[in-house]
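Student: I have a structure here, written as structure tokens, and I will follow up with some questions on it.
The values are calculated or read from the model by the stated rules, or taken from the named source; none is laboratory data. Not measured: the values here are computed from a predicted model. Cβ placement follows ideal geometry from the backbone for every residue including glycine, while neighbour counts extend to all protein chains displayed. Note: areas computed on protein heavy atoms with side chains; ligands, DNA, RNA excluded. Shrake-Rupley method; radii C 1.70, N 1.55, O 1.52, S 1.80 Å.
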Amino acid sequence: MQKNKKTLIITLGDPQGIGAEITFNALKKLPQNKADFIIIGDKFSLEKFTQFSNVKTCEIQSNFKKENKH
């Protein structure tokens, strides 16, 4: 990441929704030299939409555990 560029973090939202498609279509139209983008979403959506672009991905593991409230 370049020193003077802004960093924008975008979440894709619902894995079954259209957020990933909208995000990646918008990124194709934006000048990539103006900002660095960090996109957060589920693995399947990221792999599906980045396979046809020059977007680099990395996997981050989480130790988040869902609580069962009964």
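Student: Which distance in nm do the two modelled labels at Ile60 and Lys5 give, with both placed 7 Å along the Cα-to-Cβ direction?
Tutor: 1.7 nm
Student: What does the charge add up to near Lys34, with Lys and Arg as +1, Asp and Glu as -1, over the other residues with Cβ less than 13 Å from its Cβ?
Tutor: Residues close to Lys34 contribute a combined charge of +2.
Student: For the stretch 2-43, what is the accessible area per residue in Å² when the probe is 1.4 Å?
Tutor: 78 Å²
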